[in-house]
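One structure is given below, encoded as structure tokens.
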Amino acid sequence: MNIAKLTEDKTYTTVLTTLASVTLLIPLCNLIFPEDSALHFSAYSVSLIGKYLTFALLGLSLDMVWGYAGILVLGQGAFFALGGYAMGMYLMRQIGTRGVYGNAELPDFMVFLNWTELPWYWYGFENFGFAMLMVLLAPGLLAFVFGWLAFRSRVTGVYLSIITQALTYALLLAFFRNEMGFGGNNGLTDFKDILGFNIQSEAVRSVLLLMTGLSLIGALLLCRWIVNSKLGRVVTAIRDQESRVRFLGYRVELFKLWVFVFAAMLAGLAGALYVPQVGIINPSEFSPLNSLEIVIWVAVGGRGTLYGAIIGAVLVNYAKTVLTGLMPDAWLFCLGGAFILVTLLMPDGIVGLLRRRAKPKPESTLNATGGQPA
């Protein structure tokens, strides 16, 4: 195994070990150690770290479609939000008579708007299994329809990026409307239970962190297996030389569609894990700015590496948490400056910089007489 491959394997091992440690140790520290202990993690910290891990999963989904397929999607946040709404609809159905208006069938916002019956597209969301199916199916179906039309028409490059952003903005406007039946501007909130357990309890928050970490680890392993398979190699070849791959007889649009749908479903899963940990989902998650932030996460970490997207998502969102507390008005300027800095000085992101630092220096030239370094 060459040095580059060995270094990459060590990096994957380090990332997986770190994720496994965070996933297992932080919930244990929250549940085992008392609040006055230095080893105790508060419920707020558990939820915050869980949120970072959902963002890491979201960044990983974009890296699959952008880093390996070369498709710059500026609407990945839409798939994230759809998965979040599917989970939010399940959580709303669990409230029952404990809502403000005490209606066992209709969520509070529907009662307030004088709705008399539950819309047909809310049926089935009282069942957790159905809701989890829709978490994957809703973003996957949207990505399939959109991708089928776009890739068959051979829409590529900046044009594809623009229409994915337009799709996200259209969904933003649609979900803001009260007539859509998704809570309008306020969205879905005031959740009580998940699978019969109090969603506000520290034990449930710890379990949610555990499930998020395991999902991220599983997704990373699955994505790595895909990119190292024949399918992944063809997708990467399409990114580098699409016309040549098409000339060889491959149905390029089908490969693009597959990875696009897969990335959308990963983003939907991230949204479903995000909602119960933050306690709300509203149309602002469809904001085009959110999708642009995801691109910055992947660019900062290093696209086309998988683990770079995870590193970038965690670092950028940690910086956001800190800087919005210290300088809330300056955060967007800092985010834009970071993107410019990475583009100019670190085009391969943090991972690319570390790889260059870890690359062994070339051996000294041997002299012609004694075979010793010159």
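The values are calculated or read from the model by the stated rules, or taken from the named source; none is laboratory data. Because the structure is predicted, anything quoted here is derived from the model rather than measured. All Cβ positions, glycine included, derive from the backbone under ideal geometry; neighbour counts span all protein chains shown. Areas reflect the complete protein model, heavy atoms only, side chains present, ligands, DNA and RNA absent. Shrake-Rupley method; radii C 1.70, N 1.55, O 1.52, S 1.80 Å.
The number of residues in the stretch 173-184 that are assigned to a helix (DSSP H, G or I) and either farther than 15 Å from Tyr85 by Cα or within 23 Å of the chain's Cα centre (by Cα) (or both) comes to 5. Here the helices (runs of 4 or more DSSP H) wholly within the stretch 48-160 that include at least 1 residues being exposed (fewer than 15 other Cβ atoms within 10 Å of the Cβ) are 108-112, 128-152. Taken over the stretch 161-189, residues that are open to solvent by 70 Å² or more (accessible area, probe 1.4 Å) and of a type in the set (A, V, I, L, M) amount to 2. For the stretch 7-21, the count of residues that are touching a residue at least 60 places away in the same chain (Cβ under 8 Å), surrounded by 24 or more Cβ atoms within 10 Å (Cβ to Cβ) and farther than 30 Å from Gly181 by Cβ is zero. Among the numbered conditions (1) touching a Phe, Trp or Tyr at 6+ places or on another chain (Cβ under 9 Å); (2) at pLDDT below 95; (3) part of a helix (DSSP H, G or I), the only one that Phe41 does not meet is (3). Residues that are hydroxyl-bearing (Ser, Thr, Tyr) and modelled with pLDDT under 95 do not occur anywhere in the stretch 48-64.
If the condition is being surrounded by 15 or more Cβ atoms within 10 Å (Cβ to Cβ) and of a type in the set (Ser, Thr, Tyr), then the stretch 212-233 contributes Thr212, Ser215. Is at least one residue of the stretch 179-198 without any contact (Cβ under 8 Å) to a residue 24 or more places away in the chain, among the hydrophobic types (A, V, I, L, M, F, W, C), touching a helix residue (DSSP H, G or I) at 6+ places or on another chain (Cβ under 8 Å) and farther than 18 Å from Phe260 by Cα? Yes. Residues of the stretch 190-210 that are open to solvent by 40 Å² or more (accessible area, probe 1.4 Å) and part of a helix (DSSP H, G or I): Glu202, Ala203, Arg205, Val207, Leu210. Taken as a whole, the condition of being at negative phi and in contact with a Phe, Trp or Tyr (Cβ under 8 Å, 6 or more places away or on another chain) does not apply to Gln76. Scanning the stretch 223-250 for residues that are over 23 Å from Leu60 (Cβ atoms) and either of a type in the set (Gly, Ala, Ser) or not in a helix (DSSP H, G or I) (or both) returns Gln241, Ser243, Leu248, Gly249, Tyr250.
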